[in-house]
Amino acid sequence: SYNVNIVLRQGIQAVAAITIVSRTSKRLCSLVLGGVLARTLFSIAYAKVSRRLARAQTDALAATSDVAEQCLSLISTVRAHGTEALETRRYRRQLGQLLALQGQQGRVYGLTRVVFGVLGGGQLVGVIALGAGLVALGVLPPEALTSLVLYSEFIGSATGDIADNWARMQEALGAASQVFELLPEDVGTSLRRTAAAEEVAAGRALRRES
């Protein structure tokens, strides 16, 4: 609800600021809307990637926990003799996958910050350059250009906040996508999976000893 509140509030403020800019200069408003459109398209792509990575991290974390649970179960039934190295490699492999996904998400976030910075800077430079030309032609008062620059920066900040919080909402949805699928699993199914894992580990231990 916190992220939804920020998205709605910043969206209303951005629309109000765009309305003010459009009343002052149609040309500058078109430039600002172009920057908003570019941010929106990139934000949609970023949110989709964030949701996919969040779901993949949840799956990797669940697989890592499953390996640890199986190891503990085998230890409690004294069936893990001779398979310690194998189970350790399995656990480390799952942890490596989880860390790789987290690193990928960090790189995507960093790339997003760079792209948003470039888009915001380009929009600001465009507004100043076009506004200065309109002032030189006498179409736009100098004091109006100052206001337009401030509103342009405000719109860029608002759209950036919307993109961040929208991506966080998508991450939460991606991380929770498997929760309701896992809830209906009964205890019997879980016990059967554990027993099957124990049998596999026991068979491996017997083959090694023979």
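The values are calculated or read from the model by the stated rules, or taken from the named source; none is laboratory data. Since we're looking at a predicted model, the values are computed, not measured. So basically every Cβ, Gly included, is an ideal-geometry build from the backbone, and we count neighbours across all protein chains shown. The accessibility values were calculated without ligands, DNA or RNA, using every heavy atom of the protein model including side chains. Shrake-Rupley method; radii C 1.70, N 1.55, O 1.52, S 1.80 Å.
Would you mind telling me which numbered condition in (1) at pLDDT below 85; (2) polar (S, T, N, Q); (3) under 30 Å from residue 12 (Cα atoms) residue 123 fails?
For residue 123, the failing item is (1).
Mind listing just one residue for me: the one in region 41-57 that is touching a Leu at 6+ places or on another chain (Cβ under 9 Å) and of a type in the set (Gly, Ala, Ser) and, of those, surrounded by the most Cβ atoms within 10 Å (Cβ to Cβ)? Working first, answer last.
Looking only at region 41-57, we keep the residues that are touching a Leu at 6+ places or on another chain (Cβ under 9 Å), and these are 42, 46, 51, 53-57.
With the extra rule that they be of a type in the set (Gly, Ala, Ser), the set shrinks to 54, 56.
Values: 54: 22, 56: 18.
Ranking the qualifying residues of region 41-57, first place goes to 54.
Go through region 150-169 and give me each residue that's in contact with a Leu (Cβ under 9 Å, 6 or more places away or on another chain) and within 9 Å of residue 3 (Cβ to Cβ).
none
Output the number of residues of region 1-32 satisfying the condition of being open to solvent by less than 80 Å² (accessible area, probe 1.4 Å) and over 20 Å from the mean Cα position of the chain (by Cα).
16
All but one of (1) at pLDDT below 70; (2) part of a helix (DSSP H, G or I); (3) exposed (fewer than 14 other Cβ atoms within 10 Å of the Cβ) hold for residue 78, so report the exception by its number.
Among (1) at pLDDT below 70; (2) part of a helix (DSSP H, G or I); (3) exposed (fewer than 14 other Cβ atoms within 10 Å of the Cβ), residue 78 violates only (2).
What is the number of the single condition among (1) modelled with pLDDT under 80; (2) open to solvent by 40 Å² or more (accessible area, probe 1.4 Å) that residue 194 does not meet?
Among (1) modelled with pLDDT under 80; (2) open to solvent by 40 Å² or more (accessible area, probe 1.4 Å), residue 194 violates only (2).
Could you go through region 141-155 and let me know if any residue there is modelled with pLDDT of 80 or more and outside any helix (DSSP H, G or I). Break it down into steps so the answer makes sense when it comes.
Filtering region 141-155 down to residues modelled with pLDDT of 80 or more leaves 141-155.
Okay, now just the ones that are also outside any helix (DSSP H, G or I), so 141.
Yes, region 141-155 has at least one match.
For residue 114, which of the numbered conditions (1) open to solvent by 40 Å² or more (accessible area, probe 1.4 Å); (2) within 20 Å of residue 45 (Cα to Cα); (3) modelled with pLDDT under 85 fails to hold?
All conditions are met except number (3).
Report whether or not residue 73 is open to solvent by less than 30 Å² (accessible area, probe 1.4 Å) and at pLDDT below 75. Working first, answer last.
Working: open to solvent by less than 30 Å² (accessible area, probe 1.4 Å): yes; at pLDDT below 75: yes.
Judged against the criteria, residue 73 is a match.
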